[in-house]
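The values are calculated or read from the model by the stated rules, or taken from the named source; none is laboratory data. Keep in mind it's a predicted model, so treat the numbers as computed, not measured. When we count neighbours, we look across all protein chains shown, and the Cβ atoms used for this are built from the backbone with ideal geometry, even at glycine.
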Ligand SMILES: Nc1ncnc2c1ncn2[C@@H]1O[C@H](COP(=O)(O)OP(=O)(O)OP(=O)(O)O)[C@@H](O)[C@H]1O
Ligand SMILES: [Mg+2]
């Protein structure tokens, strides 16, 4: 048993000797290398480890439910409050545009498409990153600086399995619901604005639903929401687990979590939308 | 019965800041060792490296035949089950009550029934004097109480190795002495290997079998208690006597001019103070790790400072020791040969107490109010 290990140790020691050169390199390129190579590398490593921890039995159902409930409690109200005006604004804008083009009867349909396909994943990502991700990062980060994570590891518990996996799935699970919620609330808002304020007829609004909207629209939105939830959970876990330097460190980690999650989610949104349009044909009229 | 920790050439740095380098020491199985060092010399980092929470840049940590820094994850988690660790700030789980915190390792790693769990947890809480606070949350108790709760959690699985980071910070002197007695009694009962980081000179002088001193990014010295207490090495001497005179200054080390000035003024820490007798386990237990008083000095031809090994009652423990040992039953000595200086006195069978590992802990000294 000891032979291969001394092998590893010896290898490291040998590798150390050539380190003089890379030390100067490190001095120059530390900041940049950190941002471009090391951080994403470590993040990716965490993703892989978390992926592996997903298959460790037993799944932490209690933690999952508690966390899901917690995330719901911090996101539902803001989601609705954001979704209503969002749906309204979209309806107004799209409705106005559509009327100019002379296709009033399709306002309902276009609003649906805009809301279900793009707006609701967008609002979901906003809430998932801003409310769920930040809360999760703050939670994990403060555990980290209180050495709870270390204590857990010493007690032989893998914090990825115990804390991160249930949180990540809770986040994804709630994102699915939020997305549905935003779609419904947004559509109601749109309906209200279209019918009450723009003088559209209820019949036309509803009838045009079927014309353009199709089930894959909703499915791709739900898929997006799921991916967003997983991403937000992973980023929050990564930043939280690497928090250091006391309470200020946790604050920084939360801040970075929100910014990074936003960027990633918008990128993912773009990629998924592009692929969707590539592979799923739009409904003919 | 305790596990030896063998550290070879360990080096750790964070970025370009070297914390310590080439630390080599062997922490003997079943003995109590104390690690000292000025604030910020990386004692906590050392403890964390020993449990594999931090990866050293170089070197080996042998726990049995396993080299900790290079273990695959699964073996690492397995090896960690040998350890009980008390972190500097207790590291309790903030969302759980004290009871659940202490029960956590039992619920995770054993299949004990809830009534057994409750019994063991209550036992440990009694041992650290926390009975009555079991439903409080960590945020609702004092720092000293958090420390003790953390200790109870570290003890609950009867670890082979116990690492303790500053048990005495945030504790009053009375509780500190009680806690020291708890460590000694525990060591007598479970025979675990103890490594205690402390700033308390009194603890360092009277509790351990071995003392180590980290200083200026190196392990200045590690060895039997008597070796360090009788050492003339300036750093060791200054630290173990909590003296202002010596190479250690407020900012880690004094500069030359300060040292010269001190030398000119003839300030010298004078004669070494006597080596105090080591604190004994209570209730007639004998720690297998304990060395006979004066044995190291005798074996190495060192004359201990005058007045050494004499306790408050005026008894000289070098003379008292064989008589004392003969009147006791060594605990757990049946399997392991007595280490180093222990006199080979045959233990009378079934002596006072009849303590065996796993027995309920004996009453604390004085029993009450802690
Ligand atoms: N995770 C870390 N990243 C970077 N530097 C660290 C980290 N942990 C500790 N250090 C540095 O290592 C040094 C030693 O820290 P450590 O906490 O081990 O000191 P200590 O000897 O335990 O001090 P004290 O007696 O005050 O507890 C400090 O200078 C600290 O800045
Ligand atoms: Mg420390």
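Whether any residue in region A:67-87 is within 12 Å of chain B (Cβ to nearest Cβ) and touching a residue at least 40 places away in the same chain (Cβ under 8 Å) is what I want to check. The answer is yes; a qualifying residue exists.
Being assigned by TED's automatic domain parsing to the domain that holds residue B:187 and within 14 Å of ligand 2 (Cβ to nearest atom) is a property that holds for residue B:19. Among the candidates B:59, B:40, B:64, B:52, the residue that is at the interface with chain A (Cβ under 9 Å from one of its Cβ atoms), touching a residue at least 24 places away in the same chain (Cβ under 8 Å), over 25 Å from residue B:128 (Cα atoms) and out of contact with any strand residue (DSSP E or B) (no Cβ under 7 Å at 6 or more places or on another chain) is uniquely B:52.
Within region B:125-143, is even one residue without any contact (Cβ under 8 Å) to a residue 24 or more places away in the chain, within 14 Å of chain A (Cβ to nearest Cβ), part of a helix (DSSP H, G or I) and away from ligand 1 (no atom under 16 Å from the Cβ)? No, because not a single residue in region B:125-143 is without any contact (Cβ under 8 Å) to a residue 24 or more places away in the chain, within 14 Å of chain A (Cβ to nearest Cβ), part of a helix (DSSP H, G or I) and away from ligand 1 (no atom under 16 Å from the Cβ). How many residues are within 16 Å of ligand 2 (Cβ to nearest atom), within 14 Å of chain A (Cβ to nearest Cβ) and within 11 Å of the chain's Cα centre (by Cα) when one looks only at region B:144-186? Matching residues across region B:144-186 total 4.
With respect to being within 16 Å of ligand 1 (Cβ to nearest atom), at pLDDT 80 or above, buried (at least 20 other Cβ atoms within 10 Å of the Cβ) and within 15 Å of the chain's Cα centre (by Cα), residue A:224 falls outside the description.
Of all residues in region B:34-60, those that are closer than 21 Å to residue B:194 by Cα, away from ligand 2 (no atom under 16 Å from the Cβ) and in a strand (DSSP E or B) total 1. Restricting A:140, A:157, A:145 to those that are under 30 Å from residue B:109 (Cβ atoms), within 14 Å of chain B (Cβ to nearest Cβ) and buried (at least 24 other Cβ atoms within 10 Å of the Cβ) reduces the list to A:140. Restrict the check to region B:46-61 and report whether at least one residue is out of contact with any helix residue (DSSP H, G or I) (no Cβ under 8 Å at 6 or more places or on another chain) and surrounded by fewer than 18 Cβ atoms within 10 Å (Cβ to Cβ). No, that holds for no residue. Restricted to region B:148-244, the set of strands (runs of 3 or more DSSP E) holding at least 2 residues that are away from ligand 1 (no atom under 16 Å from the Cβ) comprises B:161-165, B:193-197, B:218-224.
Candidates B:212, B:223: the one that is under 22 Å from residue B:182 (Cβ atoms) and either free of Cβ contacts under 8 Å to residues at least 40 places away in the same chain or in contact with a helix residue (DSSP H, G or I) (Cβ under 9 Å, 6 or more places away or on another chain) (or both) is B:212. Counting the residues of region B:102-112 that are more than 9 Å from chain A (Cβ to nearest Cβ) and either farther than 21 Å from residue B:168 by Cβ or assigned to a loop (DSSP other than H, G, I, E, B) (or both) gives 6. Within region B:189-198, is there a residue that is out of contact with any strand residue (DSSP E or B) (no Cβ under 9 Å at 6 or more places or on another chain) and surrounded by 20 or more Cβ atoms within 10 Å (Cβ to Cβ)? Yes; the residues of region B:189-198 include at least one that is out of contact with any strand residue (DSSP E or B) (no Cβ under 9 Å at 6 or more places or on another chain) and surrounded by 20 or more Cβ atoms within 10 Å (Cβ to Cβ). Of note, residue A:127 satisfies the criterion of being within 13 Å of the chain's Cα centre (by Cα) and more than 30 Å from residue B:52 (Cβ to Cβ).
Please go through region B:73-90 and pick out each residue that is touching a strand residue (DSSP E or B) at 6+ places or on another chain (Cβ under 8 Å) and either facing chain A (nearest Cβ under 7 Å) or assigned to a loop (DSSP other than H, G, I, E, B) (or both). Of everything in region B:73-90, those that are touching a strand residue (DSSP E or B) at 6+ places or on another chain (Cβ under 8 Å) and either facing chain A (nearest Cβ under 7 Å) or assigned to a loop (DSSP other than H, G, I, E, B) (or both) turn out to be B:82, B:83, B:85, B:87, B:88. For region B:167-183, the criterion of a residue being closer than 21 Å to residue A:150 by Cα and touching a strand residue (DSSP E or B) at 6+ places or on another chain (Cβ under 8 Å) is satisfied by at least one position.
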